[in-house]
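The values are calculated or read from the model by the stated rules, or taken from the named source; none is laboratory data. What you see is a predicted model, and the numbers here were worked out from it, not measured in a lab. Positions of Cβ are generated from backbone atoms using ideal geometry, with glycine treated the same way; all protein chains shown enter the neighbour counts. Heavy atoms of the whole protein, side chains included, go into the accessibility calculation; ligands, DNA and RNA do not. Shrake-Rupley method; radii C 1.70, N 1.55, O 1.52, S 1.80 Å.
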Amino acid sequence: MAAPARPAFEPLNDLERLLMAAASGGDEARAAFEAAVPDARLWVVPAAGETAPDVMRLRTVEFDGRAATAVFTARERALQSVGAEVEPVAYPGRPLLEAIRENPAVLNPGHGYGVRWSPEAMAVLIGRPNPAPRDRYPTLVASPASTPDGLVEALTRELTPEPAIKAAWLALARWNDGEEGFLLDLRGAPEEAAVPALMNRVLAGVTLDTRLDVVLGAPDQPPGAGLEIVAPRA
């Protein structure tokens, strides 16, 4: 039985041309598409009812019974999929995937060419493997002598006005596999703190070439270690 025909899809940019080639090509074509994603511009749509930048949540679709972030290769794809009344937002691929990779994502839902990405697949795309849950907390933390350019400033700018973030610390960290990087230790209620959206805005203007793990604890947990980004507050 012949495979069903794909819906019409005329590529709008270089990434979409690579996507189409990957769909019908071999390993080289798929590798070329995957290599281009982190440096490409990707589009997402704020969730309905969320308009303030500091509380932005993103539209999702279902993926294997879980909510998956809807991502698009062009603004036009987002409008065609979600509706002309939305206002899609563009981000560089790498910081966007870095921010949303804790959950699945679907590229171009509702269109003829797309991809389903698990958290592990997104980690491979950006070259940052997702640690197992038992390995997400470092074995050693300390106050950093230096930090990536602009990171503290971006964290302060985005986290301080966010009422859902009750405290935040940035620490130098080392994990049990010997990898070193930074730990951002947040306090807040999971249902209120839109951490992926916040980190998306933080990382959009920061060049980060080291590991940065983000954890969210209850507001009544003991203070964290490292640089105090947001002082504990009610």
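Stretching residue 174 away from residue 9 to a fully extended chain increases their span by 54.8 nm, per 0.36 nm per residue minus the current alpha-carbon distance. Relative to the current alpha-carbon distance between residue 142 and residue 221, full extension at 0.36 nm per residue lengthens the span by 26.6 nm.
Computed over the range 71-198, the Cα gyration tensor eigenvalues convert (square root of 5λ each) into semi-axes of 30, 19, 13 Å, ordered from largest to smallest. Structure remark: mean-square fluctuation, Gaussian network model of the chain, C-alpha springs under 10 Å; the largest value among 167, 36, 70 belongs to 36. Other residues whose C-beta falls under 11 angstrom from the C-beta of residue 92 contribute a net charge of 0, scoring Lys and Arg +1 and Asp and Glu -1. Of all DSSP beta bridges confined to the chain, the antiparallel ones make up roughly 75%.
Using the Cβ of residue 156 as centre and a radius below 12 Å, the other residues enclosed give a net charge of -3, where K and R count +1 and D and E count -1. By the compact-protein rule of thumb, 2.2 N^0.38 Å, the alpha-carbon radius of gyration of the range 159-234 corresponds to a ratio of 1.09.
Which whole-angstrom value gives the distance between the alpha carbon centres of the range 68-113 and the range 170-214? Between the Cα centres of the range 68-113 and the range 170-214 lies a distance of 22 Å. For the range 149-229, GluC sites (Glu not before Pro) meeting the loop criterion (DSSP other than H, G, I, E, B) and having at most 10 other Cβ atoms within 10 Å: 191. At a probe radius of 1.4 angstrom, the accessible area of the range 169-217 per residue rounds to 38 square angstrom. Could you work out the local net charge near residue 32, counting Lys and Arg as +1, Asp and Glu as -1, over the other residues with Cβ closer than 11 Å to its Cβ? Here the charged neighbours net out to -2.
Of the three principal axes defined by the Cα atoms of the chain, the extents in descending order read 61, 40, 33 Å. Over the chain, with a Gaussian network built from C-alpha contacts below 10 Å, which listed residue (85, 28, 102) shows the highest mean-square fluctuation? Ranking 85, 28, 102 by mean-square fluctuation puts 85 first. Here the accessible area of the chain is 53 percent carbon and sulfur, with a 1.4 angstrom probe and all protein chains present.
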